[in-house]
1. How large is the charge dipole for region 120-267, taken about the Cα centre, if only the Cβ atoms of Lys, Arg (+1) and Asp, Glu (-1) carry charge, to the nearest 20 debye?
2. Out of residues 5 or more away from residue 248 or on other chains, whose amide H comes under 5 Å of its own, with H placed 1.01 Å from N in the peptide plane?
3. Share of the chain's accessible area from carbon and sulfur, percent, 1.4 Å?
4. So, for the chain, what is the accessible surface per residue at a probe of 1.4 Å, expressed in square angstrom?
5. Given H placed on each backbone N at 1.01 Å, which residues far from residue 54 in sequence or on other chains put an amide H within less than 5 Å of it?
6. Which of the DSSP-defined H helices in the chain satisfy a minimum axial length of 24 Å, computed from C-alpha atoms, and a minimum mean Kyte-Doolittle hydropathy of -0.5?
7. Let me know the shape class of region 174-260, please: from the alpha-carbon gyration tensor, a ≥ b ≥ c as square roots of the eigenvalues, rounded when a/c is under 1.5, otherwise prolate if a/b is greater than b/c, or oblate.
8. If you take every DSSP beta bridge whose two residues both sit in region 120-267, what share of them, in percent to the nearest 5, is antiparallel?
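The values are calculated or read from the model by the stated rules, or taken from the named source; none is laboratory data. Given the structure is predicted, the values throughout are model-derived calculations rather than measurements. No Cβ is skipped: glycine too gets one built from the backbone with ideal geometry, and neighbour counts run over all protein chains shown. Areas reflect the complete protein model, heavy atoms only, side chains present, ligands, DNA and RNA absent. Shrake-Rupley method; radii C 1.70, N 1.55, O 1.52, S 1.80 Å.
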Amino acid sequence: MTSQRPRIIIIGAGFGGLHAARALENKPVEVLLIDRRNYHTFTPLLYQVATCGLEPEEIAYPVRGIFDGDSNVRFLMGEVNHIEPSDRSVTVRSSGQTRRESYDYLIVAGGSVSNYFGHDEFALHTFSLKDLDDGVTLRNHILNLFERAAWTDDETKRQALTTLVVVGGGPTGLETAGALHELVTHALNKEYGFDESRKPRVVLIEATDSLLRTFPDGLQASALRQVESLGIEVILNHSVDEVASDHIRLSDGRIIPTSTPDLVGRCSGRAADGHARRAIGRREACAG
Ligand SMILES: Cc1cc2nc3c(=O)[nH]c(=O)nc-3n(C[C@H](O)[C@H](O)[C@H](O)COP(=O)(O)OP(=O)(O)OC[C@H]3O[C@@H](n4cnc5c(N)ncnc54)[C@H](O)[C@@H]3O)c2cc1C
């Protein structure tokens with residue numbers, strides 16, 4: 001079918017892409033929304049999936065269900081792997097096949113990648129927390145560690161396996177640390193029979209001198225009080241200098257044995273070629 005209406009391609013059905021598509025719905029344009037997944041992920045609750053609070057399907061919404069069948073917005077599931085501005089087209093790979101789609105206007109809303117603040121090598125031992133797969137992977141990793149901890153007779157190893165480190169004291173870091181604490185206190189302690197003397201640790205590390213740095217002073221102080229009152233160990237004014245498979249090293253040289261650092265940092269823009277780098281690592285989760 002040919003159309004005289006301008007054709008707009010939107011790459012990404014995340015918050016940005018969906019917002020654009022909704023704004024263009026029922027307008028005299030033809031919209032093609034493309035995403036490598038056929039669902040939208042509600043990222044603010046991703047940490048709940050990673051910490052067993054929610055099931056993956058509770059934060060995933062089928063994109064096709066968002067737009068009526070007769071809407072001017074069509075959806076295509078596929079990975080955009082090339083943008084060719086010279087002939088205004090994108091190449092989309094889907095189910096082993098490649099197709100070219102032309103546009104008059106292109107909106108790139110492919111999201112972001114994790115920022116390791118100059119320590120790209122951290123990715124080797126970290127988990128990315130950017131999408132549902134990441135959330136499920138992190139959740140499985142945490143549960144696996146507790147299974148391993150239940151088997152080991154080596155007390156030092158057991159402590160390392162049950163020390164959960166969150167790096168980054170922004171909103172996502174706080175949420176993640178709080179949810180991990182809940183998971184440990186209300187479920188895992190009981191299920192794995194850890195008593196007070198063998199309690200798992202949740203450690204929150206922040207490089208600056210306060211949590212929630214972008215919030216008003218009163219809220220920063222309140223957040224610190226509340227988090228510490230839960231029993232979460234907060235380390236301020238220290239950055240992480242090294243992440244290995246069985247420990248992290250802080251800027252003062254201190255070593256924290258752990259198998260699950262969760263690195264909750266910032267993100268930088270996703271490359272326009274659409275090849276997102278995976279980021280939250282085996283020992284770190286980078287969110288936000
Ligand atoms: C764990 C976590 C918690 C967060 N919590 C909050 C919060 O509480 N409040 C808040 O305001 N913000 C929060 N954010 C930030 C918020 O999620 C982002 O700001 C927002 O998602 C950015 O929207 P976006 O459309 O740019 O990208 P995204 O929402 O990431 O969407 C990008 C989409 O593009 C698709 N895509 C990427 N590349 C391609 C390609 N090559 N081909 C096809 N599809 C592609 C992806 O599959 C994805 O669906 C959080 C982020 C994370 C990770």
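1. The dipole magnitude comes to about 220 debye.
2. For residue 248, whose amide H was placed from the backbone, the distant partners under 5 Å are 256, 258.
3. 50 percent
4. 51 Å²
5. Close amide H contacts, sequence-distant or interchain: 49.
6. Membrane-span-like by this rule: 132-151.
7. Oblate is the answer for region 174-260, as a/c is 1.5 or above yet b/c matches or exceeds a/b.
8. Bridges in region 120-267 that DSSP calls antiparallel: roughly 35 percent.
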